[in-house]
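As structure tokens, the structure follows; a few thoughts come after it.
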Amino acid sequence: MAEILIDLRNVGRRYSSGEGTVHALRGVDIGIARGEMVAIIGQSGSGKSTLMNILGCLDRPTSGSYRIAGREMGSLDPDELAALRREHFGFIFQRYHLLGELTAAENAEVPAVYAGLSPVQRRGKAEALLQRLGMGSRTGHRPGQLSGGQQQRVSIARALVNDPDVILADEPTGALDRASGEEVLRILDEISASGRTVIIVTHDAGVAQRARRIIEIQDGSVISDRLNPRPSPPPGIAADDHPASSSSWWRSQLDRFREATRMALLAMNAHRMRAFLTMLGIIIGVASVVLVLALGSGSQARVLKDINRLGTNTLEFFPGKDFGDTKASKIRTLVLADAKVMAQQPYVDAISPTVSTTSTLRFGAIEVSAQVSGVGEQYFRVKNTELAEGSYLDADTVRSYAQDAVIDDNARKALFPDADVSPLGSVVLIGKVPCRVVGVTKQQQAGFGSSSTPIVYLPYTTVQARFIGNQVLRSISVRVDEATPMADAERAATALLTSRHNAKDFFVLNTDDIRKTVESTTQVLTLLVAAIAVISLLVGGIGVMNIMLVSVSERVGEIGVRMAVGARRSDILMQFLIEAVLVCLLGGALGLSLAVGFGTVFNALDVGFQLIYSPLAMVGSAIISMAIGIGFGYMPARNASRLDPATALARE
Ligand code: ADP
Ligand code: MG
């Protein structure tokens with residue numbers, strides 16, 4: 001009557017299994033015209049499903065030729081086969097194979113998503129079909145809320161939604177009671193009457209009687225192919241009045257992406273606990289990376305602040321090789337003249353010789369031991385010391401060996417416990433030397449280089465004459481002019497002193513160097529710990545990969561159904577990759593919030609320094625978690641996309 005649509009010539013299908021090969025089909029010749037309704041019957045194991053899979057382009061023959069509308073399909077690649085399935089075939093399965101997380105209407109829509117129909121169009125078509133199949137009131141139900149017959153009607157709507165030429169039904173009534181089975185057969189009759197080719201596979205002779213043509217196979221060969229005279233079928237339903245108009249390429253790409261994202265979210269939602277546990281590795285990894293970096297920069301900022309208080313641009317010259325030099329006390333070359341010459345240098349902003357000893361402080365009945373620091377009048381400028389009250393030592397006091405003292409906050413607290421009494425003008429005994437208090441320095445912040453030992457500052461002249469009895473200096477402290485780079489000043493001053501001493505018998509403490517050293521050591525430490533944290537991220541990634549592999553193997557059936565209705569490999573790949581990326585991104589976001597939450601508590605506790613979050617670390621952790629999702633999710637997703645549709649379906 002009409003053109004031959006489906007044309008099998010000498011088709012064979014071998015399975016090589018274990019010991020030998022199984023010939024599921026051998027030398028099958030079948031030609032089916034457009035609009036025919038054909039039943040394929042045979043006993044279990046006769047090769048019906050194998051034939052059906054080949055007809056539906058889910059599987060390929062191992063020999064012979066299969067043409068659809070004249071087109072040889074043996075040479076097509078997986079995506080071209082997917083396209084054929086999308087455009088020409090609608091599948092109805094014995095066990096419906098609906099996706100449990102989707103509603104009836106959404107299930108019916110799935111093939112249209114892969115065909116690139118706009119959301120409005122496909123929803124309209126799916127609902128119209130469900131309406132015509134008597135499911136109009138149940139479009140929002142999930143498969144679990146529907147009876148078998150109703151589920152099968154949803155799957156029929158799904159088979160029809162892309163307006164296919166051929167409907168393939170594998171035991172469509174096999175799981176249904178008589179009445180529902182009868183209803184499904186009536187619908188298939190109508191579909192056939194509307195001009196579509198319907199091929200039903202069954203082992204039930206009664207079902208086969210509904211078809212106009214019955215092909216019987218046994219052991220993989222056709223043993224009879226006969227026409228079945230019967231009354232003409234009832235008036236048909238036209239599955240679609242409006243031919244599908246696909247939307248633009250971009251639109252449909254975006255749409256497929258959205259569908260893949262939605263499926264990924266549904267899958268995550270269906271396994272919330274598992275998704276969370278999967279995320280845990282990422283959460284901990286991201287939180288620790290961000291926290292470690294914040295701790296690192298917070299503590300670094302703290303130490304740097306302490307150093308800056310010492311003055312960022314001071315040079316200090318001490319006799320000897322370094323602080324540990326035991327022979328330093330024998331070196332007597334660092335003298336006042338050195339300081340005087342250096343004071344002339346253009347890079348010097350302020351300079352002070354220092355000498356130092358310890359002694360007891362006595363005021364009234366109170367006696368404490370203290371450090372006695374002999375300094376020049378510029379010392380306080382060099383050290384950036386601020387006064388709480390009174391005045392600094394001035395040039396006159398230094399010149400005149402005055403017995404004037406500036407005491408620090410520790411000394412003030414020790415000697416003058418009553419905070420209301422000003423120590424200014426009081427005379428304290430330092431050793432046996434009475435000195436008048438002229439100034440009190442501000443309290444030092446606790447931290448780097450601080451101690452609780454009281455300090456009194458006296459003119460260095462006074463200390464040399466009254467306490468030490470020699471002219472040797474403990475150090476020369478220099479504040480370098482803002483305009484001069486520290487390294488240049490250090491080099492020039494070192495050269496000057498070396499030429500004066502005819503040897504380099506001193507060492508320099510450069511606060512700038514200290515700052516840089518602290519910076520680089522804390523950076524190195526931070527990076528080291530961060531690297532360890534990154535390892536935990538990698539372990540988290542491996543966890544993600546593991547769970548994704550489980551997820552893929554759990555959903556092989558779903559993947560098979562999607563492939564049967566026309567999903568491309570890339571659609572499947574995208575769905576699982578998106579799931580992995582979402583898990584990781586969500587884990588990253590939770591990890592970040594955890595870190596920030598912890599930091600807020602930490603900062604509120606005020607332990608002496610604040611966490612400093614770097615925006616780079618935050619953006620970086622988001623990027624890294626995404627990369628982990630892609631990197632570790634790719635392999636499982638690829639496995640999913642490479643599944644063979646026929647095998648995948650069989651596993652449901
Ligand atoms: P039916 O659907 O008629 O019950 P099938 O087409 O499923 O039969 O199977 C036909 C024959 O092919 C059987 O002997 C079966 O064991 C074999 N077969 C089917 N699928 C596979 C497979 N994937 N690997 C090996 N043998 C298979
Ligand atoms: Mg079968």
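The values are calculated or read from the model by the stated rules, or taken from the named source; none is laboratory data. Because the structure is predicted, anything quoted here is derived from the model rather than measured. Quick reminder, even Gly has a Cβ in these numbers, built from the backbone with ideal geometry, and neighbours come from all protein chains shown. Please note that ligands, DNA and RNA were not included when accessible areas were found on the heavy atoms of the full protein model with its side chains. Shrake-Rupley method; radii C 1.70, N 1.55, O 1.52, S 1.80 Å.
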task = Filter segment 1-41 for residues that are open to solvent by 10 Å² or more (accessible area, probe 1.4 Å) and within 10 Å of ligand 1 (Cβ to nearest atom) and give the result.
result = Arg13, Arg14, Tyr15, Ser16, Ser17, Gly18, Thr21, Val22, His23, Ala24, Ile41
inquiry  = Checking the structure you have, find out if any residue of segment 63-70 is touching a residue at least 12 places away in the same chain (Cβ under 8 Å), out of contact with any Gly (no Cβ under 9 Å at 6 or more places or on another chain), within 15 Å of ligand 1 (Cβ to nearest atom) and not in a strand (DSSP E or B).
reply    = no
ask   = more than 16 Å from ligand 2 (Cβ to nearest atom), open to solvent by less than 30 Å² (accessible area, probe 1.4 Å) and part of a helix (DSSP H, G or I): does that describe Leu81?
value = yes
request  = Go through segment 110-165 residue by residue and tally those that are in a helix (DSSP H, G or I), of a type outside the set (Gly, Ala, Ser) and either under 42 Å from the mean Cα position of the chain (by Cα) or more than 29 Å from Ile6 (Cβ to Cβ) (or both).
outcome  = 23
task = Filter segment 319-360 down to residues that are out of contact with any Leu (no Cβ under 9 Å at 6 or more places or on another chain), over 15 Å from Arg479 (Cα atoms) and not hydroxyl-bearing (Ser, Thr, Tyr), then give me how many there are.
result = 11
request  = Return the residue satisfying two criteria in turn: it lies in segment 212-242 and is at pLDDT 90 or above and in a loop (DSSP other than H, G, I, E, B), and of such residues it is surrounded by the fewest Cβ atoms within 10 Å (Cβ to Cβ).
outcome  = Asp219
inquiry  = Could you tell me how many of the residues in segment 42-54 are more than 7 Å from ligand 1 (Cβ to nearest atom) and either farther than 16 Å from Ile214 by Cα or small (Gly, Ala, Ser) (or both)?
reply    = 2
query = Phe317 is checked against (1) in a strand (DSSP E or B); (2) more than 57 Å from the chain's Cα centre (by Cα) and fails just one. What number does that condition carry?
reply = (2)
message = Condition (residue is within 51 Å of the chain's Cα centre (by Cα) and part of a loop (DSSP other than H, G, I, E, B)) applied to segment 491-498: is it met by at least one residue?
response = no
ask   = Are there any pairs, at least 6 apart or on different chains, whose C-beta atoms fall under 9 Å, with the first in segment 37-51 and of a type in the set (S, T, N, Q) and the second near ligand 2 (Cβ under 10 Å from one of its atoms), and if so, which?
value = Gln43/His203; Ser44/His203; Ser46/His203; Ser49/Asp170; Ser49/Glu171; Ser49/Val201; Ser49/Ala650
request  = Evaluate the following for Met73: is it more than 16 Å from ligand 2 (Cβ to nearest atom), without any contact (Cβ under 8 Å) to a residue 24 or more places away in the chain and in the same structural domain as Arg138 (by TED's automatic domain parsing)?
outcome  = yes
request  = Might you check whether a residue that is surrounded by fewer than 17 Cβ atoms within 10 Å (Cβ to Cβ), aliphatic (A, V, I, L, M) and either touching a strand residue (DSSP E or B) at 6+ places or on another chain (Cβ under 6 Å) or not in a helix (DSSP H, G or I) (or both) occurs anywhere in segment 586-607?
outcome  = yes
ask   = Has segment 612-619 got any residue that is part of a helix (DSSP H, G or I), surrounded by 15 or more Cβ atoms within 10 Å (Cβ to Cβ) and out of contact with any His (no Cβ under 8 Å at 6 or more places or on another chain)?
value = yes
remark   = Pairing a residue in segment 166-180 that is more than 16 Å from Ala208 (Cα to Cα) and within 16 Å of ligand 1 (Cβ to nearest atom) with any residue that is modelled with pLDDT under 85 and not in a strand (DSSP E or B), where Cβ atoms lie under 9 Å and the two sit 6 or more apart in sequence or on different chains, gives none
query = Would you pick out the residues in segment 105-128 that are closer than 21 Å to Leu168 by Cβ and among the small types (Gly, Ala, Ser)?
reply = Ala108, Ala112, Ala115, Ala126
inquiry  = Please go through segment 275-326 and give me each residue that is at pLDDT 85 or above and among the β-branched types (Val, Ile, Thr), ordered by number.
reply    = Thr278, Ile282, Ile283, Ile284, Val286, Val289, Val290, Val292, Thr314
query = Under 6 Å by Cβ, and 6 or more places apart or on different chains, what pairs join a residue from segment 630-642 that is outside the structural domain of Asp77 (by TED's automatic domain parsing) with one that is modelled with pLDDT under 95 and small (Gly, Ala, Ser)?
reply = Phe632/Gly541; Gly633/Ala580
query = Just checking, how many residues over segment 642-652 are surrounded by 22 or more Cβ atoms within 10 Å (Cβ to Cβ) and either more than 16 Å from ligand 2 (Cβ to nearest atom) or closer than 17 Å to Val550 by Cα (or both)?
reply = 1
